[in-house]
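Undergrad: Attaching a single structure in structure tokens format; questions to follow.
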Amino acid sequence: MSQSFTYKEIDIEGMDTLSVLSDADKLNKWFFDVIRPYCSGEILEVGSGIGNISQFFIENKLSITLSDIRSNYLEALSKRFPSFNKKKMILFDLVDPDFDNKYLHLFGSFDTIFALNVVEHIEQDALAISNCHKLLKKGGNLIILVPAYQALYNRFDKELEHYKRYNTRSLNDLFIKANFKIVKSRYFNFAGIPGWFVSGRLLKNKIIPEGQLKFYNRLVPLFRIVDKLIFNRAGLSVITIGQK
């Protein structure tokens, strides 16, 4: 499926979705718990948004740099984390045409980079992964989470400007082409598939309904067990961890 989007300085649908997700404390904590074992040292979060995942790194006093392509998100982060070092909040474009010059001072600076639900917004996804490689120290980890299964692509994806959805093979291929060693690759959140399909495909909602997400959030402890029972062999998202 070929998609074409025009960059929006203010992403209303994205902000609305992040605002709804900000109340999904159990879901956000699940994201954090899944990636935490692979995060160490100097950490860069690509696409921090309004800080729904960032909050857990800050609360746990991990050394993290927050970043986003949109200045309004950096303003939101500053308000949400007023005591956080503003020098570690950066305006950042992972596929900037002048990337090598603009971010040369950051090359080889990070032990961990993670981007959750970010790469699907980037048409040049292979370049995005390759540029992450430049920013990492030798032996550093890259953690990428993206939506799974192109067959699930629906109005949610289009409104959120997702170029495509992935599977373990297509995501791993990006890592391998960028000279990463695959550490782990798995699916995440199997229980989220029915809701995404019904709400986005059948009901054609533009953003995730707040009531639906609140109900889902309450059941996250059960859904975490479901993922373990099926050995993470399917899910609404796919996660790959690669090592430089």
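Undergrad: Which of the aspartates and glutamates could be linked to Lys164 by a straight reach, that is with a Cα gap under 14 Å, when you skip same-chain ones fewer than 8 residues away?
TA: Glu120, Glu123, Asp125
Undergrad: Let me make sure I get this right: for the range 8-128, a, b and c are the square roots of the gyration tensor eigenvalues over alpha carbons, sorted descending. Under 1.5 in a/c it's rounded, otherwise prolate if a/b > b/c, else oblate. Which is it?
TA: Details: a/c = 1.40, a/b = 1.15, b/c = 1.22.
Judged from the Cα gyration tensor, the range 8-128 comes out rounded (a/c under 1.5).
Undergrad: Okay, next question. How large a share of the accessible area of the chain, in percent, is made up of carbon and sulfur atoms when the probe is 1.4 Å and the other protein chains stay in place?
TA: Working: 6580 of 11780 Å².
Ligands and nucleic acids excluded, carbon and sulfur give 56 percent.
Undergrad: Report the charge-dipole magnitude of the range 120-184 in Debye, nearest 20, computed about the Cα centre from +1 at each Lys and Arg Cβ and -1 at each Asp and Glu Cβ.
TA: On the way: 11 positive and 7 negative charges, 86 e Å.
That gives a dipole near 420 debye.
Undergrad: Amide H neighbours of Ser237 under 5 Å, at least 5 residues apart or on other chains, H built in the peptide plane: list them.
TA: Amide H to amide H, under 5 Å and 5 or more residues apart or across chains, Ser237 pairs with Ala148, Phe188.
Undergrad: In whole percent, what relative contact order does the chain give with Cα contacts below 8 Å and a gap of six or more residues? Display every interim value, and only then the final one.
TA: Working: 418 pairs, mean separation 53.6, N = 244.
Reported relative contact order: 22 percent.
Undergrad: As a test, work out the antiparallel percent of DSSP beta bridges whose residues both lie in the chain, rounded to the nearest 5.
TA: Numbers: 14 of 30 bridges.
The answer is about 45 percent antiparallel.
Undergrad: A follow-up question, please. In terms of Cα to Cα distance under 16 Å, which lysines are near enough to Lys134, apart from those fewer than 8 places away along the same chain?
TA: Candidates past the 8-residue exclusion: Lys102, Lys177, Lys181, Lys244.
Undergrad: Taking H as built 1.01 Å from N, whose amide H comes closer than 5 Å to the amide H of Thr65, not counting residues under 5 places away?
TA: Ile43, Leu44, Glu45
Undergrad: Still on this structure, please answer the following. Based solely on its DSSP helices, what 222 nm [θ] is calculated for the chain when runs of n ≥ 4 H residues each add -39,500 (n - 2.57) and the sum is averaged over all residues, nearest 500 deg cm²/dmol?
TA: On the way: 11 runs with 92 residues, N = 244.
Result for the chain: -10500 deg cm²/dmol, rounded to the nearest 500.
Undergrad: Still on this structure: Counting C-alpha atoms alone, how compact is the range 131-220: give Rg to one decimal and Dmax as a whole number, in angstrom.
TA: Radius of gyration, then largest Cα-Cα span, for the range 131-220: 15.8, 47 Å.
Undergrad: Between the DSSP loop rule and a limit of at most 10 other Cβ atoms within 10 Å, which chymotrypsin sites (Phe, Trp or Tyr not before Pro) in the range 136-244 are left? If you can, show how the numbers build up before the last one.
TA: Numbers: sites: Tyr149, Tyr153, Phe156, Tyr163, Tyr166, Phe175, Phe180, Tyr187, Phe188, Phe190, Trp196, Phe197, Phe215, Tyr216, Phe223, Phe231; in loops: Tyr149, Tyr153, Tyr163, Phe180, Phe190, Phe231.
Here the sparse-neighbourhood loop sites are Phe231.
Undergrad: Let's see if you can work this out: charge +1 on each Lys and Arg Cβ, -1 on each Asp and Glu Cβ, no other charges. What is the dipole magnitude of the chain about its Cα centre, in debye to the nearest 20? Numbers along the way, then the final one.
TA: On the way: 33 positive and 26 negative charges, 169 e Å.
Dipole about the Cα centre, nearest 20: 820 debye.
Undergrad: Provide the per-residue ³J(HN,Hα) series for the range 237-244, in order, calculated from phi with Karplus coefficients 6.51, -1.76, 1.60 and θ = phi - 60°, each as a whole number of Hz, with x at glycine and proline positions.
TA: 10, 10, 10, 10, 10, x, 10, 6
Undergrad: Continuing with this model, one more query. How large is the dipole of the range 162-241 about the Cα centre if only Lys and Arg carry +1 and Asp and Glu carry -1, each at its Cβ, rounded to the nearest 20 debye?
TA: Values: 15 positive and 3 negative charges, 23 e Å.
That gives a dipole near 120 debye.
Undergrad: Quick one: net charge of Phe81's neighbours, Cβ under 15 Å, K/R +1, D/E -1?
TA: Charge balance in the 15 Å sphere: +2.
Undergrad: Right, something else. Find the eigenvalues of the gyration tensor of the Cα atoms of the chain, then list the square roots of 5 times those eigenvalues as equivalent ellipsoid semi-axes, largest first, in whole angstrom. Each step should come with its number before you reach the end.
TA: Details: eigenvalues 132, 83, 74 Å².
Here the semi-axes work out to 26, 20, 19 Å.
Undergrad: In sequence order, what are the phi-derived ³J(HN,Hα) couplings for the range 186-193 according to the Karplus relation 6.51 cos²θ - 1.76 cosθ + 1.60 with θ = phi - 60°, rounded to whole Hz, with x for glycine and proline?
TA: Result, rounded to whole Hz: 7, 8, 8, 6, 4, 5, x, 4.
The values are calculated or read from the model by the stated rules, or taken from the named source; none is laboratory data. Predicted model only: the values in this text are computed from it and were never measured. Because the Cβ atoms are built from the backbone with ideal geometry, glycine has one as well, and the counts that use them run over all protein chains shown. Note: areas computed on protein heavy atoms with side chains; ligands, DNA, RNA excluded. Shrake-Rupley method; radii C 1.70, N 1.55, O 1.52, S 1.80 Å.
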